[in-house]
Amino acid sequence: MANTSRSRRRAALLTSSVALLGALTACGTDRAAQQLPATDGRTTGTGGAADQENAAVPSDTAASMAASGHTGDRCHTSQLRAAVGRVDPGAGQRNFPVVLTNASSRTCTLYGYPGAAFVDASGRQLGPDPQRSPGTPETVTLTPGRSAWAGLRFASPEISGARTATPAALLVTPPDERDSLEVKWTAGKVPVGGNASKVFLTPLSPGTGP
């Protein structure tokens with residue numbers, strides 16, 4: 001009887017130890033689960049790929065651009081054609097509108113001053129680069145077929161006494177572009193040297209001239 005009682009007590013102690021060990025293990029698991037790092041906040045619901053994609057949808061950039069007044073991309077040389085309007089003489093000056101027209105099917109914008117250079121038949125530049133006249137540039141939006149113009153001005157060589165040359169063409173470079181458009185020059189001599197040889201350009205404005 002004594003041996004039987006001892007066996008039962010050992011069995012009971014063994015069972016209690018196993019139960020206690022199981023409880024401690026479960027408790028440790030719960031604490032480990034509580035200490036797991038949080039997700040990045042983009043996953044919701046089941047945490048699957050579809051939830052992540054839905055939570056990471058970008059904002060509507062087109063709407064933002066429209067709200068900021070941006071109506072078109074910058075005009076590139078390939079989208080434009082150039083022309084020089086009729087001379088407007090006055091007070092010893094010769095004034096020409098240099099016109100850029102949107103020849104593409106897309107709306108684009110121009111801002112600032114164009115570049116310009118007189119060249120001979122071999123493409124060699126005649127005279128210095130034009131200087132910028134004081135002015136306030138504005139963004140000019142060109143829908144297809146619309147134009148912007150800049151004023152090209154220099155003192156009449158007959159009056160100023162500057163050294164002259166007769167260009168074959170005027171190279172016109174749209175703002176922020178590297179490639180130029182060539183316009184045949186038919187307006188005679190231009191100043192290329194001397195104290196009164198400066199040529200000036202105004203910023204671009206809407207239209208084809210004053």
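The values are calculated or read from the model by the stated rules, or taken from the named source; none is laboratory data. All values reported here derive from a predicted model rather than from experimental measurement. Counting neighbours? That spans all protein chains shown, and the Cβs are built from the backbone with ideal geometry, glycine included. Surface accessibility is based on the protein's heavy atoms, side chains included, excluding ligands, DNA and RNA. Shrake-Rupley method; radii C 1.70, N 1.55, O 1.52, S 1.80 Å.
Overview of values
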quantity: Among the candidates 122, 133, 205, 180, residue that is of a type in the set (S, T, N, Q) and in contact with a Lys or Arg (Cβ under 9 Å, 6 or more places away or on another chain); calculated: 133
quantity: Complete set of residues in region 88-102 that are of a type in the set (A, V, I, L, M), open to solvent by 60 Å² or more (accessible area, probe 1.4 Å) and at negative phi; calculated: none
quantity: Whichever residue in region 164-174 is of a type in the set (A, V, I, L, M) and within 26 Å of the chain's Cα centre (by Cα) and, among such residues, is surrounded by the fewest Cβ atoms within 10 Å (Cβ to Cβ); calculated: 171
quantity: Residue satisfying condition, being within 19 Å of residue 168 (Cα to Cα), open to solvent by 30 Å² or more (accessible area, probe 1.4 Å) and not hydrophobic (A, V, I, L, M, F, W, C), within set 105, 78, 122; calculated: 122
quantity: Selection count, region 175-190, where residues are surrounded by 18 or more Cβ atoms within 10 Å (Cβ to Cβ) and of a type in the set (Ser, Thr, Tyr); calculated: 1
quantity: Subset of region 140-158 (residues that are under 19 Å from residue 74 (Cβ atoms) and exposed (fewer than 15 other Cβ atoms within 10 Å of the Cβ)); calculated: 143, 144, 145
quantity: Residues (within 23 Å of residue 90 (Cβ to Cβ) and not aromatic (Phe, Trp, Tyr)) located in region 117-135; calculated: 127, 130, 131, 132, 133, 134, 135
quantity: Filtered residues of region 162-187 (kept if outside any strand (DSSP E or B), farther than 10 Å from residue 119 by Cα and touching a strand residue (DSSP E or B) at 6+ places or on another chain (Cβ under 9 Å)); calculated: 162, 174, 175, 176, 177, 179, 180, 186, 187
quantity: Qualifying residue in region 170-178 (condition: in contact (Cβ under 8 Å) with a residue 40 or more places away in the chain and β-branched (Val, Ile, Thr)); calculated: yes
quantity: Candidates 193, 161 - the one that is modelled with pLDDT under 95 and open to solvent by less than 30 Å² (accessible area, probe 1.4 Å); calculated: 193
